Structure formats: C-alpha cells, structure tokens
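First the structure, in the form of structure tokens, and then the observations on it.
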C-alpha cells in the first residue's frame, strides 16, 4: 500500500516542514521529529501524527559510508511515558536514554511517544519504521523492535500483525496473544521478565514462550528471579542483548 507521508522537524521548539528545518539529523545525535501518516480507521484513511526521537549511528551520512545500510531499532516505551507534547519522557528508559550518553550505539534508533490514554498502534509503528528506514538507509533485513511493559505488549502485537518484517524482537515484561504465535514462529524472540513483577505477571511472558516452544518457534526466555516490574534496566544495559540482535538477519 502506498502511503503519503509528511515529515516535520522540531526546531527552536516550533514545528516546521523538515526541508526548512535548520536542525537536520546528524550522526551520533538524537533529535525530536514528527511524522504524519495515513492509517485505516472505520474503512477510511485518517491522518495521524507521530512524535518520535531519532538517533543516527556514528558515521551515518559520511562520505566513507555513503553506501552503507544500517541496522534499525524501534523502541516502544511503557504506559508511564505516554504524552502529547513531552518527548523528554521517552528518554527515561531504554535505548533513547542510552544514546544520550553512548554515541557509538550502532543502530538507527526510533523512539516514538504513544499518545496519552492510548495503547501502541501496530499499523502506525510499521509505517513509521518504513519511513525512517527508507529515508536513512536502513538495512531492510536488519529491522528490530523492543519494548517494555506496555511497549512489551506493543512489541508482541507488532510482530504478530506484521510477520516477517522484523529480523528479531525483544519484548520485556509484557504479554501477547498465544493464539497468534504461528505468525511469529520464524522471528527470533528474546523475552525478559522479572519473577516478582506485580504490575505485569510473569505468566504473561511464560504463556507466549510456551506457546512458541510448542510450535518450535525461535524463542528464548530470561527470567530475573529477584526483579520486580523493572526488568528493563538490566536488559538494556547488557551488551549481549545488542550483540544478539545484530546477529539476527532476515534471509
């Protein structure tokens, strides 16, 4: 499906067309941006604005690497970081927090903000990934998604609704629909959850893992015996997580 996209950048706190924006994305820098996509709703196309943070890896856009294709990581935050006008909230956890300090983070990183009171919308996120991937030379065989809590649920939904789009997924302390695991059977998935999580029961992750194992899905599960709901800090601070992601690639 062909989608018309309007990109808007944030400069000096104002929304203006990106082609007029002085703050163009630079490598090793995270910037705020906005995208309008058309999505299907009640059998008609509706424009939806997506606010997001964008980080480009070190060397991206350089003359030496002008032909390089880059891995891309989509991060979906939890319910506490939802909002309509404060992207700084999105930097509270995970990749958008990490790239503020770790300028050699190897992924094009997209960190959208889910609107207040709403869950993640898989259709919108897929179109955001397509736009950024096409605009910033992402490798279509190395698209990844991860999320925590509400974003963990969003991760499961996204790989179920768009099978074969992502090379790997990392849902953290979330859950999904075990009836949909056939759609994600061939997607490598690394699941994380704290055993003492009182906000989202570990049984939510366990149900998805067991359903995938029954059909020989490509899933592995890390359970933190002493962790509560915050099973994401240890996960996102683990260099092995990113090494594993980069080892996954669509055929």
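The table below lists the values:
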quantity	calculated
Looking only at region 134-151, and only at residues there that are over 19 Å from residue 248 (Cα atoms) and crowded, with 19+ Cβ neighbours inside 10 Å, the one that is nearest to the chain's Cα centre (by Cα)	151
The lone exception for residue 45 - which of (1) modelled with pLDDT of 95 or more; (2) under 25 Å from residue 116 (Cβ atoms) it fails	(1)
Subset of region 95-123 [farther than 23 Å from residue 59 by Cβ and either in contact with a strand residue (DSSP E or B) (Cβ under 6 Å, 6 or more places away or on another chain) or modelled with pLDDT under 95 (or both)]	112, 113, 120, 123
Residue, modelled with the lowest pLDDT, within region 18-40, restricted to residues that are in contact with a helix residue (DSSP H, G or I) (Cβ under 9 Å, 6 or more places away or on another chain) and loosely packed, with under 14 Cβ neighbours inside 10 Å	24
Failed condition for residue 119, given (1) more than 15 Å from the chain's Cα centre (by Cα); (2) within 27 Å of residue 176 (Cβ to Cβ); (3) part of a loop (DSSP other than H, G, I, E, B)	(1)
Some residue of region 78-88 being over 25 Å from residue 172 (Cα atoms) and surrounded by fewer than 16 Cβ atoms within 10 Å (Cβ to Cβ)	yes
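Per-residue answers, yes or no, for (1) surrounded by fewer than 24 Cβ atoms within 10 Å (Cβ to Cβ); (2) over 22 Å from residue 247 (Cα atoms):
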{"position": "157", "(1), (2)": "yes, yes"}
{"position": "166", "(1), (2)": "no, no"}
{"position": "170", "(1), (2)": "no, no"}
{"position": "183", "(1), (2)": "yes, no"}
{"position": "186", "(1), (2)": "yes, no"}
{"position": "202", "(1), (2)": "yes, yes"}
{"position": "217", "(1), (2)": "yes, no"}
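The values are calculated or read from the model by the stated rules, or taken from the named source; none is laboratory data. Quick caveat: nothing in here was measured; it's all calculated off a predicted structure. A quick note on method: Cβ atoms are made from the backbone with ideal geometry, for glycine too, and the neighbour counts reach across all protein chains shown.
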